[in-house]
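Nothing in this text is a laboratory measurement; each read-out follows from the coordinates by a stated rule. Bear in mind the structure is a predicted one, so any value in this text is a computation, not a measurement. With ideal geometry, Cβ positions are generated from the backbone for all residues, glycine too; neighbour counts draw on all protein chains shown.
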Amino acid sequence: MKNAAIAPIGPDQPEVGEAELRERIAAFVRTRVIPAEPVLDAGGGEAAAALAELRAAARAAGLWALPLPAELGGGGLSFRAYAALAEAEGASDHGPAALGSAALLDVTMLTRHGSPRVREKYLEGLVSGGLRSCYAMTEPGVPGTAPLLTGTRAEARTDGNWLVSGRKWFTSGAADADLVTVLARTGGTAPDRDGLALFVVPTGSPGFRVVRELPVLGATGQYEIELDRVLVPADHLLGAGGDALAIAGERLALGRTLRCLRWLGQAQRAFDLMCERAATHGGSRGPLAGHQLVQQHVFDALLALRTTRPLVHEAVALIAAGEDARTEVGLAKVAAARMLQRVTDSAIQVHGAAGLGPDTALPSLFRGGRAARILDGPDELHITSVAARVLRGYSPGNNSPIRG
């Protein structure tokens, strides 16, 4: 129910409805996070200080870590409830980090699959923001869509611990992370399905190093890392040791859906900038808003937003219910990535040269839209896998075609 009470806004204040909470988050991102984007984008000490200040402000506003477990210091919102807020939070790439929800994937994964020691040692720090984590799956020379080709190795020692060696790249936030979850092969050879495992690796361990930063279309935050016989405790293995692909798939479904929600927020931001420009600027032939071609940009962008949002929330509903959401996540991921690029491109076109310069967020949003078509699997992967899954439902003898 839209206005049901879902979360407190402070330790001694009453619960508020979804609409009010969403507006509080939107206002925080608009007035606090977005003005800090140039500093946050640059990285370094000033960015760290700015992020710490934003996090303190989010805590004071009762907006900290809303989808993380209440018993660990989070807001305790269910994924379904948080999804209604994630679009507003994700209007800035820095929103999730500033508001404490960026750890949701790692907290969920470690809660479900971590050993008692891992949960006790790391979860509270991840929720509080005292610890940062990252996820390392993709390797140089190996398609990120082919985990069975993983070359990173984990060697079992006689004492039950592991020695992990290999290289990973496009690992988000690795330079500042305290923990990295690493996909490695414990046995067999590529492309065997068996013999893959996920390990939680403290980045302060001997043998771990950041090789280099990998700017993405000029943006910072991605890194190549190396592990050279890094000692990993036995109880830092996730799951039972043979279920790495299932754990990774669970994480990817949630992660892709979260990205889609945040891309909706960023596209809405670009749409608002476009409409404001059209309404307030003009030339010798009158206001831009009166030009049919500008109206076409507005219409097409609005149509893309309105048709993509239900797809994303259909995926949310299935994930929240614990149902198979592979088809819905694939549809949402491709639609949301295309939508973000399309809406931002229209906004740039309406701005003209101003849309290419540093005075608006449009270049950054457009860069995010282009990268979105590759992140978490390229469009082509999702198109072929969804189509193949649908077509299997229509094969001879199968009388139960899937939704679609």
With a 10 Å cut-off between alpha carbons and a GNM built on the chain, which of Ala175, Ala26, Ala219 moves the most? Ala219
Say R0 is 30 Å: what FRET efficiency, to the nearest 0.05, do Leu148 and Leu231 get from their beta-carbon distance? 0.70
With 10 angstrom as the radius, rank Thr327, Thr307 by how many other C-beta atoms surround their C-beta, starting from the fewest. Thr307, Thr327
Cα axis of helix 18-28 to longest principal axis of the chain: angle in degrees, 0 to 90, nearest 10? 90 degrees
Would you work out the charge dipole size for the range 246-392 about its Cα centre, treating the Cβ of every Lys and Arg as +1 and the Cβ of every Asp and Glu as -1, and quote it to the nearest 20 debye? 140 debye
Cβ density ranking, 10 Å radius, fewest first, applied to Asp159, Asp194 yields Asp159, Asp194
Provide the percentage of antiparallel DSSP beta bridges, counting only those with both residues in the chain; round to the nearest 5. 85 percent
For the range 96-158, averaging the sequence separation of alpha carbon pairs under 8 Å that lie six or more residues apart and dividing by its residue count, the contact order in percent is 23 percent
When the chain is modelled as a GNM with alpha-carbon springs shorter than 10 Å, which of Lys168, Lys333, Lys121 fluctuates the most? Lys121
Within the chain, helix-based [θ] at 222 nm, where runs of 4 or more DSSP H residues each add -39,500 (n - 2.57), nearest 500: -15500 deg cm²/dmol
Distance (nanometres) between label positions extended 7 Å along Cα→Cβ at Glu20 and Asp359: 3.9 nm
Ranked from fewest to most other Cβ atoms within 10 Å of their own Cβ, Val216, Val180, Val230 fall in the order Val216, Val230, Val180
Once you put a point 7 Å from the Cα of Glu46 and another 7 Å from the Cα of Arg306, both along the Cβ direction, what distance in nm separates them? 4.3 nm
To the nearest 0.05, what FRET efficiency results for Asp194 and Ala317 with a Förster distance of 25 Å applied to their C-beta separation? 0.15
Choose one of Leu288, Gln268, Ser128: the residue whose Cα lies farthest towards the positive end of the charge dipole of the chain (beta-carbon charges +1 Lys, Arg; -1 Asp, Glu; about the Cα centre). Leu288
For the range 228-236, Karplus-derived ³J(HN,Hα) couplings (6.51, -1.76, 1.60; θ = phi - 60°; whole Hz; x for glycine and proline) come out as 10, 6, 6, 7, 10, x, 4, 7, 9
Please label the shape of the range 133-241 as rounded, prolate or oblate, based on the square roots a ≥ b ≥ c of the eigenvalues of the alpha-carbon gyration tensor (a/c under 1.5 means rounded; beyond that, a/b larger than b/c means prolate, else oblate). oblate
Compute the separation of the alpha-carbon centres of the range 361-379 and the range 243-305 and state it in Å as a whole number. 12 Å
Most mobile of Ala184, Ala372, Ala240 per a Gaussian network model of the chain (Cα springs, under 10 Å)? Ala240
Farthest toward the dipole's positive end in the range 91-225, which of Tyr223, Thr145, Gly207, given Cβ charges of +1 (Lys, Arg) and -1 (Asp, Glu) about the Cα centre? Gly207
Report the relative contact order of the range 40-177, percent, no decimals, based on alpha-carbon pairs under 8 angstrom and at least 6 residues apart. 18 percent
